[in-house]
Amino acid sequence: MESTRSKLIHVLSINDGNFISGQEISDLLQISRSAIWKHMKELEKDGYVIEAKRNKGYRIIKSPSKVSENTVQWGLETNWLGKSILHKETINSTQLLAHQLAMDNAPHGTVVIADEQTAGKGRLQREWYSKKNKGIWMSIILRPTILPYLAPQLTLLTATVLADVMKKELELDPKIKWPNDIILHDRKVSGILTEMQAEQDQIQYIVIGIGMNVNHDDGEIPDDIQSKATSLMIESGKEWDITKLIQRIFVAFEKSYAEYINHGFSIIKKRWESYGYRLGEKVQLKTFQSVQDAILTGIAEDGALLAKYDDGVIHKIYSGEIDWFGIRH
Ligand code: BT5
């Protein structure tokens, strides 16, 4: 259920800087005047500047730029995504906490966000660097009613959402490198880690981890990934408001998810292919079975990568990766 705090934030944000009386808030939220006061004090701790006037009520004069449950929910126009948020300054990995919450019945759309991860995870036990206050490090809990074998489609959906936000709202030119990397100018800016708890024919929950480098400058990218990683700031020359970016991602995700649930994967597939990195080109493809040259021809209806090997046959690839060194100039 939506918390009183998030309802209060909603009421204040739609009044956008205008006074709203204590009585009105009390009627809308069914809470006492003293409870309102306490909530206002909590918002002030988060960095909100609130004006309280005896005959007029309350208004917000300044919202903080730091990420918190409250700031992300401030003016957030979603129906279910991010209605419940857990924000931590420091955490080992948002994935781990998200799994715990999901096992404790956290609802669909719950999100864990951190300013910093000390043990951020990539796929296959790889490490994900998550520098404090420099990027988006978050995990979304979903409870989709799809068959478990279709879960990879959600990774591809998430990738198209991130690419859409970068293209349509930030005016960048992203590509998606199968299965889960968002690329700007041949360098990785964002990665996705999808983990699932399921029985044979039913998903209990999925945790989608999103890592995005936002405000790193050149010197802040760790040495060992210097040549293959970048940030939105490095690419655009601009600093970005991380809270607003998270909100944009939530809104775009919710829209795309509804399309997917109502109409299936084909719209997402087309969109994904429009961003596909090196589609139609020869790359080196590593799978558990082999390392071979292949031409990437697109993705299949179930989300698998379609790769044409030298034997001319198109193979469906479910797990593997495109070798960076096979494709970099
Ligand atoms: C991924 O793995 O790209 C998935 C990354 C998911 C991170 C999010 S952050 C929130 C949530 N909580 C977590 O603990 N994880 C998720 P993979 O495709 O395996 O790529 C990992 C590789 O990317 C590493 O081996 C490095 O080479 C490179 N890498 C590590 N940190 C990076 C960064 N910040 N930016 C770009 N590349 C990075």
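Every number in this text was worked out from the coordinates using simple rules, so none of it is lab data. Note that the coordinates shown come from a computational prediction; the quantities given were computed from them, not determined experimentally. Quick reminder, even Gly has a Cβ in these numbers, built from the backbone with ideal geometry, and neighbours come from all protein chains shown.
Descriptive notes on the structure:
- Across segment 135-141, computed HN-Hα scalar couplings (Karplus, 6.51 cos²θ - 1.76 cosθ + 1.60, θ = phi - 60°) run x, 9, 10, 8, 10, 10, 8 Hz from first to last residue, x flagging Gly and Pro.
- Qualifying aspartates and glutamates (Cα of each under 14 Å from Cα of Lys83; at least 8 residues distant if same chain): Glu2, Glu69, Glu254
- P(r) tail fraction, segment 181-329 - alpha-carbon pairs more than 20 Å apart, %: 61 percent
- Residues whose amide H comes within less than 5 Å of that of Gly135, counting only those at least five positions distant or on another chain, are Val214, Asn215 (H built at 1.01 Å from N in the peptide plane).
- Per-residue packing, averaged as other Cβ atoms within 10 Å, sorts the ranges 220-228, 249-257, 55-63 into the order 249-257, 55-63, 220-228, beginning with the highest.
- In percent, rounded to a whole number, the relative contact order of segment 167-294 is 19, using alpha-carbon pairs under 8 Å and six or more apart.
- Mean shadow area of the chain, taken as a quarter of the surface of its Cα convex hull (nm²): 18.1 nm²
- Using a Förster distance of 56 Å, the FRET efficiency for Lys308-Asp104 (Cβ separation, nearest 0.05): 0.75
- Peptide packing: for 102-108, 116-122, the average count of neighbouring Cβ atoms within 10 Å per residue gives the ranking 116-122, 102-108, highest mean first.
- Converting phi to 3J(HN,Hα) with the Karplus coefficients 6.51, -1.76 and 1.60 and the offset θ = phi - 60°, segment 160-172 yields 5, 5, 5, 5, 4, 4, 5, 7, 7, 9, 10, 6, 9 Hz in sequence order, with x at every glycine or proline.
- Extension gain for Leu96-Lys56 works out to 9.9 nm (0.36 nm per residue, less the C-alpha to C-alpha distance).
- When only Cα pairs below 8 angstrom with a gap of at least 6 residues are kept, segment 282-322 shows a relative contact order of 37 percent.
- Rounded if a/c under 1.5, otherwise prolate or oblate - segment 4-62, Cα gyration tensor axes: rounded
- Exceeding the 21 Å Cα-Cα cut-off - candidates Lys168/Lys228; Lys167/Lys255; Lys134/Lys177: Lys168/Lys228; Lys134/Lys177
- Within the listed set Leu147, Leu96, Leu156, the Gaussian network model of the chain (springs between alpha-carbon atoms below 10 Å) gives the highest mean-square fluctuation for Leu147.
- Among the listed pairs Lys88/Lys238; Lys66/Lys88; Lys7/Lys41, those with a Cα-Cα distance over 18 Å are Lys88/Lys238.
- With an a/c value of 1.5 or above and a/b not larger than b/c for the gyration tensor axes a ≥ b ≥ c computed over the alpha-carbon atoms, segment 282-322 is described as oblate.
- The chain: angle of helix 4-15 to the longest principal axis, Cα-based, in degrees nearest 10: 80 degrees
- Point-to-point label distance, Ala258-Glu199, nm (Cα→Cβ direction, 7 Å offset): 3.1 nm
- Using C-alpha pairs under 8 Å with a sequence gap of at least 6, the mean separation divided by the residue count of segment 6-117 gives a relative contact order of 24 percent.
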